[in-house]
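Here the structure comes first, spelled out in structure tokens, and everything after it is commentary.
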Amino acid sequence: MELLELGERGGGRPVVLVHGLAAAARAGWARTGWVRELERAGLRPLGPDLPGHGAAPGPVPGTTRSGLVAELVRLVEPLARAQGAPVPVAGYSLGAQLAWAAAAASPAVGPLVLGGLGVRDRLPALADALRAPPPGRGGPADTPAAAVPGRAAVPEHAAGRGGGPAHVPGSAAALADLLLRTAPDPGAAPRWAALAGAVGAEAFDPAAAVPSQPALLLAGGADPWADPQALARVRRTSGAPTEVLVVPGRGHVDVLTAGAARRAAAAFLSRGPGS
């Protein structure tokens, strides 16, 4: 993986943004307004394309959850050395899982913004559902894929009237169907399934290693895939400073497009290395 310059200014304190499954760095963070909001707060948004997403090839053989976490740490550590302070990281769904584990593994990771994250890892079920698409599904659509889990951008046709909420079904099969209807090309679903299966083979257990960095946990109030309150209890038991933002009326697909989420994240991260 490599870090991409997501903003236009190229200055300020770096923040690393990690998208989720079926998204990409620019689609997940620039199109949803996060890059613009973070630049206004004096931050420099950077982010990788996960394997099989955006311009990144793959998933390459040998891709694992622990390998992606190690890659994320490898990307963050030089930035932390250069500025002499930990680097904040924001992640959404699958990206939030990776950010959580990277923060637990390395003090180079600073304050965290973690969106769409639950205590239950549904990646294996989603991988299975993507491998067995419903009849008539699996072809490309005109709109770019969003990020679920990790669905960081909302397909235009999936949003409600007037740009209102578009909620994600609770079952993996229904979610896979939604993803397949928004796939950018016929090869997207196999790539997504391969990555979800490879990463999901190592279960995400947030209680196994709790990062001590301050964190803002955000989710839509109608998101069946996220449980920020349960994660907050896990973190507070270990003494980790934790804030929670639940955006009413938003689901897993569309919470990142909410201005309240962007503004809260920018304010939290702009406080500085200790947030």
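The values are calculated or read from the model by the stated rules, or taken from the named source; none is laboratory data. No experiment lies behind these values; they were computed from the predicted model shown. Cβ: placed from backbone, ideal geometry, glycine included. Neighbour counts: every protein chain shown. With ligands, DNA and RNA removed, areas are computed over all heavy atoms of the protein, side chains included. Shrake-Rupley method; radii C 1.70, N 1.55, O 1.52, S 1.80 Å.
Could you do me a favour and compute the accessible area per residue for region 219-272, 1.4 Å probe, result in Å²?
Numbers: 2090 Å² over 54 residues.
In whole numbers, region 219-272 has 39 Å² accessible per residue.
Just add up the charged neighbours of S212: K/R +1, D/E -1, any other residue whose Cβ is under 13 Å from the Cβ of S212. Kindly include the intermediate steps, with their values, before the conclusion.
On the way: positive: R235, R236; negative: none.
Computed value for this residue: +2.
Amide H to amide H, which residues 5 or more places from E202 or on other chains are under 5 Å from it, using H placed in the peptide plane?
When sequence neighbours closer than 5 places are left aside, the close amide H contacts are R65.
Once phi is turned into ³J(HN,Hα) by the Karplus curve 6.51 cos²θ - 1.76 cosθ + 1.60 with θ = phi - 60°, what whole-Hz value does each residue of region 177-188 show in order, with x for glycine and proline?
4, 5, 4, 5, 6, 10, 5, x, 7, x, x, 5
Grab the beta carbon distance between D185 and R131, set R0 = 22 Å, and tell me the FRET efficiency rounded to 0.05.
Details: r = 17 Å, r/R0 = 0.77.
The pair D185/R131 has a calculated efficiency of 0.85.
Express the carbon and sulfur contribution to the solvent-accessible surface of region 1-144 as a percent, rounded to the nearest whole number, probe 1.4 angstrom. Mind showing how you got there, number by number?
Working: 2890 of 5550 Å².
Solvent-exposed carbon and sulfur of region 1-144 make up 52 percent of the total.
Where the accessible area of region 172-222 is counted over protein heavy atoms with a 1.4 Å probe, how much of it, in %, is carbon and sulfur? Intermediate values should be presented prior to the final figure.
Values: 960 of 1600 Å².
The nonpolar share, carbon plus sulfur, comes to 60 percent.
In whole Hz, what ³J(HN,Hα) sequence does region 250-263 give by Karplus (6.51, -1.76, 1.60; θ = phi - 60°), x for Gly and Pro?
My calculation for region 250-263 gives 10, x, 6, 6, 10, 5, 5, 7, 6, x, 4, 5, 4, 5 Hz in order.
Please list the non-local residues whose amide H lies under 5 Å from the amide H of R13, H modeled 1.01 Å from N, same-chain partners needing a gap of 5 or more.
The list, which skips near neighbours in sequence, is R44.
Show the residues, 5+ positions off or on another chain, whose built amide H is closer than 5 Å to the amide H of V109.
For V109, the qualifying residues are V87.
Around Q83, with a cut-off of 11 angstrom between Cβ atoms, what is the net charge of the other residues, counting Lys and Arg +1 and Asp and Glu -1? Present the calculation step by step, with values, prior to reporting the outcome.
On the way: positive: R13, R44, R81; negative: none.
With Lys, Arg at +1 and Asp, Glu at -1, the neighbours total +3.
Sort 21-34, 39-52 for me by packing, meaning the mean count of neighbouring Cβ atoms within 10 Å per residue, highest on top.
Values: 21-34: 26.6, 39-52: 22.1.
Averaged packing, sorted descending, gives the order 21-34, 39-52.
If I model a spin label at Q83 and A267 as a point 7 Å from the Cα along the Cα→Cβ vector, what separation in nanometres do I get?
With each label placed 7 Å out from Cα toward Cβ, I get 2.1 nm.
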